[in-house]
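Accompanying notes for the structure given below.
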Amino acid sequence: MTYTGEVTVGGAPAIRELANLTITKVAVDEKMSNNCYLLRCHDTGSQVLIDAAAAPETLLPLIGDEGVTTVITTHQHWDHHRALADVVRASGAGVVAGEPDADAITEQTGVSVDRRVTDGDEIMVGSCALQVIRITGHTPGSICLLYRDPAGHPHLFTGDSLFPGGVGGTFGDADAFRSLIDDVETKIFDTLPDDTWFYPGHGSDGTLGEQRPHLAEWRERGW
């Protein structure tokens, strides 16, 4: 089936098969409709989960007997880590988060962050590498995760920093918005091609090419 990235809470996951990596997207929690992404390396069978947002009863069967080596939390907001403790307890996975958000994640979940990452760090999914891109604004330590598919276009997991239609919320903080839009423009749009497919923390996916013409509009409107 053709991958569209369209998922609904309680519905079937969407699965995308790349040359070396499988991406499985699932939506959890009727109120927040968070996206969670399970990545599986074809070479090794190793799996990594991006955002154990909620509903361990959904995530743990999706993960299966193979388990996960790592759970990456894209940022500190409560709706992105409600199942973190349950997934770590069941799998023994290591926990990764952006350095400035790590303490808040531990305070909210009771789970220690094993690795604190920032710009340019790599997180391995078996033999596949995710490059960390720190994006400051939605939270101090939000991270995006870039996978450069050797057989195709780049794939970018953006948490709540970038969505189709705009950047993430900054809750009326003008300085935070400027930081966010600057980082998104310079670290994402100025460095990655139009065919980069991005996967946000809520809702539908997008491509940078579709969104690029609207950057100036986003900056002007201030959100």
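Select from the stretch 165-202 the residues that are over 25 Å from V7 (Cβ atoms), polar (S, T, N, Q) and either in contact (Cβ under 8 Å) with a residue 60 or more places away in the chain or in contact with a helix residue (DSSP H, G or I) (Cβ under 6 Å, 6 or more places away or on another chain) (or both) and list them in ascending order.
Here is the first cut: in the stretch 165-202, the residues over 25 Å from V7 (Cβ atoms) are 170-183, 185-187, 189-191, 193.
This time we only want the ones that are polar (S, T, N, Q), so: 170, 179, 186, 191.
Scanning the stretch 165-202 gives a single hit, T170.
When restricted to residues that are within 21 Å of T74 (Cα to Cα), in a helix (DSSP H, G or I) and not small (G, A, S), the stretch 176-210 contains 13.
Sort through G94, G98, G67, G120 and tell me the only one that's of a type outside the set (A, V, I, L, M, F, W, C), touching a Ser or Thr at 6+ places or on another chain (Cβ under 7 Å) and surrounded by fewer than 17 Cβ atoms within 10 Å (Cβ to Cβ).
Numbers: G94 fails: surrounded by fewer than 17 Cβ atoms within 10 Å (Cβ to Cβ); G98 fails: surrounded by fewer than 17 Cβ atoms within 10 Å (Cβ to Cβ); G120 fails: touching a Ser or Thr at 6+ places or on another chain (Cβ under 7 Å).
One residue alone meets the criteria, G67.
Taking the condition of being of a type in the set (D, E) and within 21 Å of A129 (Cβ to Cβ), how many residues in the stretch 52-82 meet it? The qualifying residues number 1.
Candidates G45, G92, G64: the one that is within 14 Å of S112 (Cα to Cα) and out of contact with any Phe, Trp or Tyr (no Cβ under 9 Å at 6 or more places or on another chain) is G92. For the residues T186, T196, T207, T158, the requirement of being closer than 27 Å to E122 by Cβ, surrounded by fewer than 16 Cβ atoms within 10 Å (Cβ to Cβ) and either β-branched (V, I, T) or touching an Asp or Glu at 6+ places or on another chain (Cβ under 7 Å) (or both) singles out T186. Set side by side, the residues I105, I133 differ, and just one is modelled with pLDDT of 95 or more, in contact with an Asp or Glu (Cβ under 7 Å, 6 or more places away or on another chain), buried (at least 24 other Cβ atoms within 10 Å of the Cβ) and not in a loop (DSSP other than H, G, I, E, B), which is I133.
Per-residue answers, yes or no, for (1) at pLDDT below 95; (2) in a strand (DSSP E or B); (3) within 16 Å of V87 (Cβ to Cβ):
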site	(1), (2), (3)
E6	no, no, no
V9	no, no, no
A19	no, no, no
K25	no, yes, no
N35	no, yes, yes
D43	no, no, no
L49	no, yes, yes
A53	no, no, yes
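The values are calculated or read from the model by the stated rules, or taken from the named source; none is laboratory data. Model, not experiment: these values are computed from the prediction. A quick note on method: Cβ atoms are made from the backbone with ideal geometry, for glycine too, and the neighbour counts reach across all protein chains shown.
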